[in-house]
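A short reminder: the numbers here are calculations on the coordinates, not readings from a lab. If you're wondering where the values come from, they're calculated on a predicted model, not measured in any experiment. Neighbour counts run over all protein chains shown; Cβ positions are idealised from the backbone, glycine included.
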Amino acid sequence: MISTENLKFIAINLLYLTTFGLASLRKWQAGGVPDHFREQFGESWLEILPGDLALPYYTIAVVESLIVVLFVISLFRMEWKQSASKKFLTYGLILSLFTFVILAYGLRLSGQFQATANAFFYFGCTLIALLITESSVDKIDS
């Protein structure tokens, strides 16, 4: 039987797989840097980077895809089990934190202050998920 302890880690995995899986998929299906991204950052310092705005756009796409890979590995390694190591789950959550920082910076840079506040919310929720994960690992180690 699956315990509630296990279910919470399954839910965390599925939430981040959905969040970053759909986001990265849309970026890869866009067929290049979309016009809305160019409009949002075309007047910022990001457009002077090598490759124009492709570098920041595809950096985000690659990082989001890597997060998906980490959570998929976590599921297949059955890190959702109470007694299992949570190595890939932890790495996925930590990389998610940095991704939300990058996204918040871009939103702030482009003057989208309400969306920036949402990024802070996502960061905070991810931090809570990370604390829950790490406290579970501490219980296993002791």
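Do you know which residues across the range 46-90 are surrounded by fewer than 17 Cβ atoms within 10 Å (Cβ to Cβ), more than 20 Å from A119 (Cβ to Cβ) and among the aromatic types (F, W, Y)?
Correct list: F76 only.
With the condition kept exactly as written, say whether any residue in the range 27-38 is over 24 Å from Q82 (Cβ atoms), surrounded by 17 or more Cβ atoms within 10 Å (Cβ to Cβ) and charged (D, E, K, R). Reasoning before the result, please.
To start, the set of residues in the range 27-38 that are over 24 Å from Q82 (Cβ atoms) comprises 27-38.
With surrounded by 17 or more Cβ atoms within 10 Å (Cβ to Cβ) added as a condition, the list becomes 27, 33, 37.
Next cut, charged (D, E, K, R) only: 27.
Yes: one or more hits.
Among the candidates T99, T116, T126, single out the residue that is surrounded by 13 or more Cβ atoms within 10 Å (Cβ to Cβ), within 15 Å of A11 (Cα to Cα) and either touching a strand residue (DSSP E or B) at 6+ places or on another chain (Cβ under 6 Å) or of a type outside the set (D, E) (or both).
Numbers: T99 fails: within 15 Å of A11 (Cα to Cα); T116 fails: within 15 Å of A11 (Cα to Cα).
Just a single option satisfies the conditions, and that option is T126.
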